[in-house]
Amino acid sequence: MSKVKVDHLHKLLYALHKKTGLELSTKNLQTISEKIEGIGSDYLYWKIQYPIKDKKKNDTIGLRITQLDNIARYLGFENFQNFIAHIELDKDPQIMSLIGNYYSYVRRNSEKEKYILRSPVKIEQRKDGKIEFQLKGPAYTFRGEIYSKKGCIFILMKADEGKVFHHIYKIGDRQTPSVMQGVFSGVSTAFDPIGGRTVLVRTEEPYTSLKNASLSVHELRKSKMAVEKRLAVYFKEYSNNNIAPNRSSTFGISDL
């Protein structure tokens, strides 16, 4: 038996009502129960609705998680814990406001070649309720959960092929920001450690229409679009935007 909050159980029943369109009467709860594999026909009423009807939302009752997992799977979640994560995230309007499509901009890791690399990004809510950041590169697609703390968001992104990037963006207490400045760390195509500044710009274009591009700083400075001119100025200097260690050969002090 596990202790389950009454508030979570009320929301579980409401989710069943929304999915089935049935009011939560005793008879309808039996009908809904019969649709769910792994629970008895009287479970929703006698094990959930009746025991919690006079309790406060922060009270708890004891239930078997296996049955709650079955109900959560009927609702489209991996398990009951993921259902809880979903409803808890709904309480953070700032994180939810980030959902949408963006372009990510970073300066190419070359001092001589002044190019800005543009990548499609989408932020969406997964079935388990967590908010995911997805960046599509020319060769790999990176995915990672978004975490928020002290006015910043943190994303550790991984590609199926094993490459990893970490992004941090400042958002303060702003909801639905149109532009976010941050920093990234990861590895180059040759798997050398690199880092630098990154910018996220929100777009109303569908994610499927967003394209990767290598943009010349020189050409962007002549653009008629204000955002492109600002990006050209922002990413103009290599020293302000990119960082990398010296090449390691001996892995001793002589490399420095």
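The values are calculated or read from the model by the stated rules, or taken from the named source; none is laboratory data. All values reported here derive from a predicted model rather than from experimental measurement. A quick note on method: Cβ atoms are made from the backbone with ideal geometry, for glycine too, and the neighbour counts reach across all protein chains shown. The protein model used for the area step is the full one, side chains on, heavy atoms only, and it has no ligands, DNA or RNA in it. Shrake-Rupley method; radii C 1.70, N 1.55, O 1.52, S 1.80 Å.
Using the Cα gyration tensor of the stretch 154-202, with a ≥ b ≥ c the square roots of its eigenvalues, what is the shape: rounded (a/c below 1.5), prolate (a/b larger than b/c) or oblate (neither)?
Numbers: a/c = 2.85, a/b = 2.13, b/c = 1.34.
Since a/c reaches 1.5 and a/b is larger than b/c, the shape of the stretch 154-202 is classed as prolate.
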- How about K47: which aspartates and glutamates have a C-alpha closer than 18 Å to its C-alpha, ignoring those fewer than 8 places off in the same chain? D7, E23, E34, E37, D59, D69
- Item | Solvent-accessible area of S254 with every protein chain in place, 1.4 Å probe, in Å² to the nearest 10 | 90 Å²
- Accessible surface of R118 in the full protein assembly, 1.4 angstrom probe, to the nearest 10 Å²? 50 Å²
- Message: Only sites in a loop by DSSP and with at most 16 other Cβ atoms within 10 Å count here; which chymotrypsin sites (Phe, Trp or Tyr not before Pro) in the stretch 164-256 make the cut?
- Response: F191, F251
- Note on the structure: Distance in Å, no decimals, from the C-alpha centre of the stretch 40-79 to the one of the stretch 181-256 is 49 Å
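Once you mark the GluC sites (Glu not before Pro) that are in a DSSP loop and have at most 14 other Cβ atoms within 10 Å, what is the longest gap between them in the chain?
Working: sites that count: E23, E37, E111, E113, E161, E204, E237.
In the chain, the maximal stretch lacking such sites is 38-110.
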- Using only protein heavy atoms and a 1.4 Å probe, report how much of D69 is accessible, in Å² to the nearest 10. 30 Å²
- In percent, how large is the relative contact order of the stretch 88-161, given Cα pairs closer than 8 Å and 6 or more residues apart? 20 percent
- Message: If you fit an axis through the alpha-carbon atoms of helix 26-35 and take the longest principal axis of the Cα set of the chain, what angle between them do you get, 0 to 90°, nearest 10?
- Response: 50 degrees
- Item | Tilt relative to the chain, helix 65-74 - C-alpha long axis, 0 to 90 degrees, to 10 | 70 degrees
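Cα-based Rg of the stretch 1-150 per 2.2 N^0.38 Å, rounded to two decimals?
Numbers: Rg = 21.1 Å, N = 150, 2.2 N^0.38 = 14.8 Å.
Taking the Cα Rg and dividing by 2.2 N^0.38 Å, one obtains 1.43.
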- Note on the structure: Per 10 angstrom bin, beginning at 0 and ending with the bin that holds the maximum distance, the Cα pairs of the stretch 106-256 fall in percents of 10, 37, 36, 14, 3, 0
- Item | Extreme residue, positive dipole direction of the chain, given options F77, L200, L156 (C-beta unit charges) | L200
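Taking all protein chains in place and a 1.4 Å probe, what share, in percent, of the accessible surface of the chain do carbon and sulfur account for? Mind showing how you got there, number by number?
Working: 7620 of 15160 Å².
Carbon with sulfur: 50 percent of the solvent-accessible area.
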- So what is the diffusion coefficient of the stretch 4-87 in µm² per second by Stokes-Einstein at 20 °C and 1.002 mPa s, using a Kirkwood Rh over Cα pairs? 170 µm²/s
- Item | Integer Hz, Karplus 6.51/-1.76/1.60 couplings in order for the stretch 243-249, x for Gly and Pro | 9, 7, x, 5, 5, 9, 10
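Quick one: of K136/K222; K19/K158; K18/K55; K19/K163; K114/K158, which pairs are farther than 30 Å apart, Cα to Cα?
Checking Cα-Cα distances, K19/K158; K19/K163 exceed 30 Å.
List the trypsin sites (Lys or Arg not before Pro) in the stretch 148-209 that DSSP assigns to loop (not H, G, I, E or B) and whose Cβ has at most 10 other Cβ atoms within 10 Å. Which are they?
Working: sites: K149, K150, K158, K163, K170, R174, R197, R202; in loops: K150, K163, R174.
Taking the stretch 148-209 and a limit of 10 other Cβ atoms within 10 Å, the loop trypsin sites (Lys or Arg not before Pro) found are K150.
Measuring with a 1.4 Å probe in the full set of protein chains, what accessible area per residue, in whole Å², belongs to the stretch 180-255? Please list the in-between numbers first.
Values: 5040 Å² over 76 residues.
Result: 66 Å² per residue.
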- Note the per residue figure in Å³ for the convex hull of the C-alpha positions in the chain. 188 Å³
- Note on the structure: For the chain, longest principal axis from Cα atoms; helix 80-89 axis from its Cα atoms; angle between them, nearest 10 degrees, is 60 degrees
